[in-house]
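Note sheet for the following structure.
The values are calculated or read from the model by the stated rules, or taken from the named source; none is laboratory data. Here the structure is a predicted model, which means the values were calculated and not measured. Note that each Cβ is placed from the backbone with ideal geometry, even for glycine, and that neighbours are counted across all protein chains shown. Keep in mind that these areas ignore ligands, DNA and RNA; they rest on the heavy atoms of the full protein, side chains included. Shrake-Rupley method; radii C 1.70, N 1.55, O 1.52, S 1.80 Å.
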Amino acid sequence: MSENLYLPVRLETNRAEEKNKDETLELINRHTLEPFQSIDDLYVFSGVCSNDRLDSYHTKMDPMTTLRNYAEDLQSGVALLSGHDISKSPYGRSYDGEVLSLQRDEGGTAVRGHWYIMRNTMINGENTDDTIRAIKAGITRDMSVGFGGNDIWYRCSTCNRSLWDSGCNHFPGLEDENDERTFAWIVDAHLREVSTVYKGATPGAQTMPSAYIEKARMYVDQGELSHKKIQRLESAYQVRLDDGKRSFYMPPKQETKEGNVSMKELLDNLRQAIRENKMEKGRIYDILTEEGEPFRQPDDISLRNELGREYTRTEAIRQLKKEAQQGRRYLADMIDDAVSARVRAQGSTFNVDSYRQMLRDSSDIDVIKEEIDAYQRLAKERFVPGRQTEPEKPEPRNEEPEEVRDPVKIDLNENFFEEGVK
């Protein structure tokens with residue numbers, strides 16, 4: 001999961017003490033191409049940026065993975081931005097981070113980050129001295145940490161499964177089967193950046209993990225959440241989950257002389273609600289199914305009427321499926337035989353694919369058999385066994401004697417090359 005998530009924090013602006021100036025400068029110079037010679041060129045501050053306590057989004061940072069990752073990320077250098085605007089250049093950077101044990105209140109684990117800003121530098125059209133003065137004056141004192149990562153996941157506090165596990169049907173912010181409020185552990189997350197923001201939040205920034213919302217919407221679409229739970233989740237997540245399409249219509253309360261709504265009145269109310277598009281027919285099917293009652297759809301009833309009682313049993317349906325598969329194989333073989341018979345009779349001058357598709361669309365075994373017989377007869381008529389050609393008759397001989405010509409007499413002593421034949 002690689003989404004960006006934001007969590008507002010309040011940071012303390014503690015200056016580096018005199019005795020730690022050299023150590024602080026050394027830590028900062030690990031991130032610079034040209035080392036600073038004096039800490040006076042920089043403004044440094046620090047503060048607790050995360051802990052493992054329950055936040056307003058019903059989440060806790062896992063101290064064994066996420067908080068330790070945050071401390072390492074801060075040591076490696078995390079960008080300091082304005083309003084999570086990643087299109088602009090950072091105006092500061094973290095240079096150190098550490099995991100702390102909280103002693104006050106309920107205790108727990110926290111992460112302290114340390115940042116530096118270079119004095120009198122124009123970044124994004126603003127002078128950093130103005131930003132530093134705003135921080136020192138307490139005008140800019142709210143920040144928001146951006147976190148995420150490809151390995152981040154949410155562990156349910158009730159069942160210890162992933163929130164997307166098929167066996168987890170709990171939602172952060174709602175009570176579980178033991179009436180305990182469920183929350184989610186954010187496991188194996190990493191810091192992406194830290195930003196100064198207005199009132200601890202950025203307008204339009206995503207604060208509620210989308211995994212919560214996607215899971216809630218999935219359960220709503222499947223009709224697995226009551227209206228009361230949907231309303232609570234919508235209030236907690238600040239998002240619309242129910243589009244009203246699956247809402248079940250409750251008829252207005254009516255009382256008879258006996259004090260209860262009669263079945264006829266209830267059915268009349270339901271029919272009226274369906275006609276006015278206030279409820280879905282499918283919702284009635286869902287309710288009956290949830291209660292374990294078999295409900296026959298119109299298509300189901302039509303199918304049973306067509307098959308009859310004899311073929312609606314499980315064993316009979318299995319046999320029908322087996323025979324249907326055998327029938328499809330037999331039909332395919334018959335079509336192949338018909339195509340082969342026509343090729344033998346007419347050659348491959350016709351459109352084989354079109355002819356095969358015509359037979360397949362027909363699916364009539366008798367018609368296909370007639371095609372096979374017809375082309376087999378045609379092939380036999382065209383190709384009779386044995387030699388069918390007649391030998392050519394010799395031309396009649398001329399009995400009259402041919403004219404006898406005198407032979408040419410040649411004198412072998414004559415020179416052909418000099419005088420020619422005389």
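Counting only protein heavy atoms and a 1.4 Å probe, tell me what percentage of segment 103-175's accessible area is made up of carbon and sulfur.
Using a 1.4 Å probe with all protein chains present, segment 103-175 comes out at 40 percent carbon and sulfur.
Across segment 146-199, what fraction of all alpha-carbon pairs, as a whole percent, falls in each successive 5 Å bin from zero upward?
In whole percents, the pair-distance histogram is 5, 19, 21, 17, 14, 12, 8, 4, 0.
State in Å² the accessible area per residue of segment 117-160; use a 1.4 Å probe, count heavy atoms of protein chains only, and round to the nearest integer.
52
Which of the residue pairs Lys215/Lys278; Lys60/Lys278; Lys322/Lys380 have a Cα-Cα distance greater than 31 Å in the structure shown? Could the numbers behind the result be given before it?
Details: Lys215/Lys278 26 Å; Lys60/Lys278 41 Å; Lys322/Lys380 38 Å.
Over 31 Å apart, Cα to Cα: Lys60/Lys278; Lys322/Lys380.
More than 19 angstrom separation, counting every C-alpha pair in segment 22-129; what % is that?
Pairs farther apart than 19 Å: 52 percent.
Multiply the residue gap between Gln325 and Glu23 by 0.36 nm, knock off their C-alpha separation, and tell me the result in nm, one decimal place.
Roughly 100.7 nm would be gained on extension.
Rounded to the nearest 0.05, what FRET efficiency do Asn351 and Arg313 give with R0 = 51 Å and r taken as the Cβ-Cβ distance? Could you check?
Computed FRET efficiency for Asn351 and Arg313 comes out at 0.65.
With a 10 Å radius around each residue's Cβ, average the other Cβ atoms per peptide and rank 352-363, 81-92, highest first.
Packing order, densest peptide first, comes out as 81-92, 352-363.
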